[in-house]
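*Asks:* A single structure is presented below for examination.
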Amino acid sequence: MHCLHSQGKGAMAGKQSNFWGLRTVGYGSGVLALGAIAAALAALPAPSLANSLMEQLTIQQNSGTRGPARDQADQYMRLGQTEGAKGNWPAAIAAWQQAQQLYQAIGDMDGQGMAYSYLAAAYNRTAQPRAREDAMRRQLAVTRDQRDFTGQLYANNNLGRALAGRASGSPGAGTLFMEGMDVASSTRNQKGEYLTAQNMAWLANSLEQPDLTIRRYEYAFLPASQWYANPNSYAMKLGDRGAQRIDQARFYMGTRFTQVADRFAAQDGNAPLQFQTLDNQVVAYQAMGRYDLMTDTLEERLALARAVGDPTEELATLTALGQTNLNVGRTVLAQRYYGQALVVAERLNDQQQAGVLRERLATFTAP
């Protein structure tokens, strides 16, 4: 089978794209971070004050924190829950502050993180943004120390949203979302990755800077300092992140990155990079079993090859379309694409490929 992109070009040279072998193309280095998608607002869920604290307050026998101080701290936590349920937020806050101090005194980091979480929610209810931010920062510090990755995702996203709600808070919020995305990626937490991406989208779209045209770029997680970079730079970085995700079999996020990379490459008129990004999308869609999207992407690749007048890429794409349609039982379409590929092969005087195509076409008419 002819490889879709048979040779590396310029900066894109590296691993070759061959969707039959599920391999992807690297585009270079670069850490991706903040960006945009026109998506609905979403955040990782905060703990509900109505939920029972019993499970959270249950500790292991050998945790080292059992004793009167721990029991007293737990009682304060329950008292805070009771007062909060009644709407008596000053009393709830006072109780959770007492609990936090006791947990800190006995070195119970998990307890401290829990107390800060409830305090942050209470400060939000009572319109104390600075106190809320302080509690959330402290909670984040605890989750980092404890390597509580799920808790860190929650803390990153919620603190990021809190910061973004005030003047000059966007850079800090972007950094927090970037860290949250890294945590989600490294722990293969796809739900956390998706929700963090939505928060990134919300932040980017809330900045009201239409000159940046960031609304167009789904999942373009680039820091604010790079928003004025050239489109080719965007495409290289996004394509690299997309290739990494596809290599990790995280196809949903991989296709999101590569779709945006393709748009940037098209904006910059970088056809070789467009071919690479489209090839990676084909890799992902085949692995996902989304042959409809796979075919659409190959059609897009065919249009690109014809638009730039590259018969070699046109031949590769037509052959791939023929094989793809044959694999899913669309024999009429497969025969049509193989026939078009043969015409191109003969025009290129590629006798070897023409011979292969004639053999394949012969199978359609064989008795």
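The values are calculated or read from the model by the stated rules, or taken from the named source; none is laboratory data. All figures in this text were calculated on a predicted structure; none of them were measured in a lab. Quick reminder, even Gly has a Cβ in these numbers, built from the backbone with ideal geometry, and neighbours come from all protein chains shown.
*Asks:* Regarding region 85-99, can at least one residue be identified that is of a type in the set (S, T, N, Q), part of a loop (DSSP other than H, G, I, E, B), in the same structural domain as Thr187 (by TED's automatic domain parsing) and crowded, with 16+ Cβ neighbours inside 10 Å?
*Replies:* no
*Asks:* Among the residues in region 299-306, are any assigned by TED's automatic domain parsing to the domain that holds Gly339 and part of a loop (DSSP other than H, G, I, E, B)?
*Replies:* No, every residue in region 299-306 fails to be assigned by TED's automatic domain parsing to the domain that holds Gly339 and part of a loop (DSSP other than H, G, I, E, B).
*Asks:* Being surrounded by fewer than 23 Cβ atoms within 10 Å (Cβ to Cβ) and either of a type outside the set (D, E, K, R) or not in a helix (DSSP H, G or I) (or both) is the filter here, so list the residues in region 130-139 that pass it.
*Replies:* Within region 130-139, just Ala131 meets the criteria.
*Asks:* Is it the case that Thr58 is modelled with pLDDT under 90, polar (S, T, N, Q) and loosely packed, with under 14 Cβ neighbours inside 10 Å?
*Replies:* yes
*Asks:* Follow-up question, since we're still on this one. Any idea how many residues of region 306-321 are more than 18 Å from Val283 (Cβ to Cβ) and among the small types (Gly, Ala, Ser)?
*Replies:* Of the residues in that region, 2 qualify.
*Asks:* How many residues are over 10 Å from the mean Cα position of the chain (by Cα) and under 11 Å from Met253 (Cβ atoms) if we restrict to region 190-202?
*Replies:* 0
*Asks:* Every residue in region 100-129 that is within 34 Å of the chain's Cα centre (by Cα), under 18 Å from Arg144 (Cα atoms) and not in a helix (DSSP H, G or I), please.
*Replies:* Residue satisfying the conditions is Asp108 alone.
*Asks:* Could you identify the single residue in Val283, Val356 that is assigned to a helix (DSSP H, G or I) and more than 27 Å from Met253 (Cβ to Cβ)?
*Replies:* Selected residue: Val356, the only one of Val283, Val356 that is assigned to a helix (DSSP H, G or I) and more than 27 Å from Met253 (Cβ to Cβ).
*Asks:* Let me ask something else. Residue check: is Met294 assigned by TED's automatic domain parsing to the domain that holds Asn349 and either crowded, with 18+ Cβ neighbours inside 10 Å or under 30 Å from Arg188 (Cβ atoms) (or both)?
*Replies:* Yes, satisfied.
*Asks:* On the given criteria, is Thr365 hydroxyl-bearing (Ser, Thr, Tyr) and either in contact (Cβ under 8 Å) with a residue 12 or more places away in the chain or buried (at least 18 other Cβ atoms within 10 Å of the Cβ) (or both)?
*Replies:* Taking the combined requirement at face value, the residue does not satisfy it.
*Asks:* Of all residues in region 324-334, which are surrounded by fewer than 16 Cβ atoms within 10 Å (Cβ to Cβ) and part of a helix (DSSP H, G or I)?
*Replies:* Once the filter is applied, which keeps residues that are surrounded by fewer than 16 Cβ atoms within 10 Å (Cβ to Cβ) and part of a helix (DSSP H, G or I), region 324-334 yields Asn327, Thr331, Val332.
*Asks:* Can Gly309 be described as more than 24 Å from Gln353 (Cβ to Cβ) and in a loop (DSSP other than H, G, I, E, B)?
*Replies:* The answer is no for Gly309.
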